[in-house]
1. For residue 145, list long-range residues whose amide hydrogen, built 1.01 Å from N in the peptide plane, is under 5 Å from its own amide hydrogen.
2. About the Cα centre of the chain, what is the dipole size in debye to 20, counting +1 per Lys and Arg Cβ and -1 per Asp and Glu Cβ, all else neutral?
3. Please identify the trypsin sites (Lys or Arg not before Pro) of region 110-139 that satisfy two criteria: DSSP loop assignment and at most 14 other Cβ atoms within 10 Å. Which are they?
4. In Å and on Cα atoms, what radius of gyration and Dmax does the chain show?
5. Run down the aspartates and glutamates and flag those whose C-alpha is under 19 Å from the C-alpha of residue 73, throwing out any fewer than 8 positions away in its chain.
6. If you average the C-alpha positions of region 137-208 and of region 98-115 separately, how far apart do those two centres end up, in angstrom?
7. Which residue, 24, 54, 90, has the largest displacement toward the positive end of the dipole of region 1-91 when charges sit on each Cβ (Lys, Arg +1; Asp, Glu -1)?
8. Which three extents, in whole angstrom, do the alpha-carbon atoms of region 127-196 cover along their principal axes, largest first?
Amino acid sequence: MHIKSVEFAGAIGQIGQAAPASIAGLPQVAFSGRSNVGKSSLINRALGRTRTPIARVSQQPGKTQEINFYHVKADWGEFCLVDLPGYGYAKVPQALRERWPQLIHGFFSTAKEMAGVVQLVDIRHGPTADDLRAIDYFADAEMPVLFALTKVDKLKASQRASAIRTITEELQVDAEQVIPFSAISGEGRDELLQTLAALLSQREEEMG
Ligand SMILES: Nc1nc2c(ncn2[C@@H]2O[C@H](COP(=O)(O)OP(=O)(O)OP(=O)(O)O)[C@@H](O)[C@H]2O)c(=O)[nH]1
Ligand SMILES: [Mg+2]
């Protein structure tokens, strides 16, 4: 997939708030992960925006509890990339942490254009308890989930294969659903975009 343009389309900051009108009818894909897992870096790399980042990188991790929407034009068509707020940041007050499931549920219960979720997991640590909770939520919502194992460049070649195998087993998913990724080297970008294009165009066809 070749990315032609990316535009910020708006945000949901309040529980139950509607998604921006400008992205109505576009197939969507959401990105989920704990704070600091490398979500902004992956999105910027995937969209080819490493020099002029588009995904907002906040100075205070975990403080931005918003769902951000990006309108992407690619060679095969248009879609909406949905950047979900990061979770699991220890310094965020409990009240704010309890907001995450409410915000996500409010949005997903109305997101009829959603094609699937890319769940990010740090390849060095594997899924956290919070990751497993998020994954359970998406499974309950019957969302197809792809896994991006981030920061793969931080592992030695000798550690990689076993880390991928262990995490795939822990997640109880097929190997094809798991994509090792590095925002530094760009490894995994083509595979991720190719898989997303297939998922999104299938959803678009289903929507008619
Ligand atoms: N080596 C390496 N570092 C990475 C990679 N991806 C992200 N990082 C680093 O990890 C830190 C967090 O990256 P972000 O992309 O801001 O993570 P995030 O998940 O968006 O974090 P929040 O928005 O604060 O929740 C930064 O210091 C990045 O430079 C990667 O693929 N490899
Ligand atoms: Mg971020």
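1. The list, which skips near neighbours in sequence, is 117.
2. With only Lys, Arg, Asp and Glu charged at Cβ, the dipole is about 1020 debye.
3. Here the trypsin sites (Lys or Arg not before Pro) that fit, given the DSSP loop and packing criteria, are 112, 124.
4. 16.0, 48
5. Cα-Cα hits under 19 Å: 7, 83, 113, 190, 191, 204, 205.
6. 21 Å
7. 90
8. 35, 25, 19
FYI, it's all coordinate maths here, none of it is from the lab. These numbers were taken from a predicted model, which means no experiment stands behind them. Please note: Cβ atoms are built from the backbone with ideal geometry, for glycine as well, and neighbour counts cover all protein chains shown.
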